[in-house]
Amino acid sequence: MALLAEYTVTARPAHRFVEVYDSDAYLDDSAAVEAAREQVVAGNGYHLYLHSLQPDIKVDVTIRIWDGPQTPPAHIEGSTPVTIESTTACLVINELTLGPAGTVDLPRPGVYEGIAWWAGRHATLDYYNHTLRELAEHPDPDALGHAWRNNPTPERYVFELHFAREATPEDDDEA
């Protein structure tokens, strides 16, 4: 299978979430957010929510577009099937309180299916908790930012997507 596009951005998981959505999808989905708390990654077709275990250390979000289905690599923490519809062919990676961290252009509008997988969630949480304990014992105003920028085991989320079908046409005449 050929890799058609790849994009990586770092995003702060404010309130422990990062959101990926079609640039035309504006409404949040509280049910999908709650599902992500249990499943790590969940969505409603237009939004995908990533649930981190910590709120401050930036995470890597990678979106890969393939010409066919992929399987998750070995030695990851978990994975789940995902679907996202993009009528604009542009996905936004959003930090909930800070706004967009980046955008990725898809090859064409439509429904993309695949898998999301993640690694480093628990190691990052352990590092986060250890750092907070250390700083409580030995306060240093410059150490926190340095620690957050130098996480030894980065937390990452990867979306392995492929084009599945054309987008669902909107019917403005429906009542």
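The values are calculated or read from the model by the stated rules, or taken from the named source; none is laboratory data. If you're wondering where the values come from, they're calculated on a predicted model, not measured in any experiment. Every residue, glycine as well, gets a Cβ built from its backbone with ideal geometry; the counts of neighbours run over all protein chains shown. Please note that ligands, DNA and RNA were not included when accessible areas were found on the heavy atoms of the full protein model with its side chains. Shrake-Rupley method; radii C 1.70, N 1.55, O 1.52, S 1.80 Å.
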Regression test value, accessible area per residue of the chain, probe 1.4 Å, units Å², expected 53
On the accessible surface of the chain, probed at 1.4 Å with all protein chains in place, carbon and sulfur together account for a percent value of 50
For 119-132, 142-155, ranked highest to lowest by mean beta-carbon neighbours within 10 Å, the order is 119-132, 142-155
The extension gain from GLU137 to ALA74, computed as 0.36 nm times the residue separation minus the Cα-Cα distance, is 18.9 nm
Distance in nm between LEU27 and GLU6 label points, each 7 Å along Cα→Cβ, equals 3.7
Summing -39500 (n - 2.57) over every DSSP H run of at least 4 residues in the chain and dividing by its residue count gives a helix-only mean residue ellipticity at 222 nm, to the nearest 500 deg cm²/dmol, of -6000 deg cm²/dmol
Here the net charge surrounding ILE76, from other residues whose Cβ is less than 15 Å away from its Cβ (Lys, Arg +1; Asp, Glu -1), is -1
Each label sits 7 Å from Cα toward the beta-carbon; between GLN39 and GLU113 the label points are separated, in nm, by 1.4
If every Lys and Arg gets +1 and every Asp and Glu gets -1 at its Cβ, then about the Cα centre the range 1-156 yields a dipole, in debye to the nearest 20, of 200
Lys and Arg at +1, Asp and Glu at -1: neighbours of GLU134 with Cβ under 14 Å from its Cβ sum to -3
Once normalised by the length of the range 94-168, the mean sequence separation of its alpha carbon contacts under 8 Å that are 6 or more apart gives a contact order in percent of 52
Each label sits 7 Å from Cα toward the beta-carbon; between GLU166 and ALA14 the label points are separated, in nm, by 3.8
To the nearest 20 debye, the range 2-42 has a Cα-centred charge dipole, built from +1 on Lys and Arg Cβ and -1 on Asp and Glu Cβ, of 260
Scoring only Lys, Arg, Asp and Glu (+1, +1, -1, -1) among other residues with Cβ under 11 Å from the Cβ of ILE115 yields -1
Heads up, the chain by the C-alpha gyration tensor (a ≥ b ≥ c square roots of eigenvalues; a/c under 1.5 rounded, else a/b over b/c prolate, else oblate) looks prolate
At 4 °C in a medium of viscosity 1.567 mPa s, the range 70-125 has a Stokes-Einstein diffusion coefficient, with Rh taken as the Kirkwood radius over alpha carbon pairs, in µm² per second, of 97
Gyration tensor on Cα atoms of the range 107-151, a ≥ b ≥ c root eigenvalues, a/c under 1.5 rounded, else prolate if a/b beats b/c, else oblate, says prolate
Relative contact order in percent for the chain (Cα pairs under 8 Å, 6+ apart) equals 28
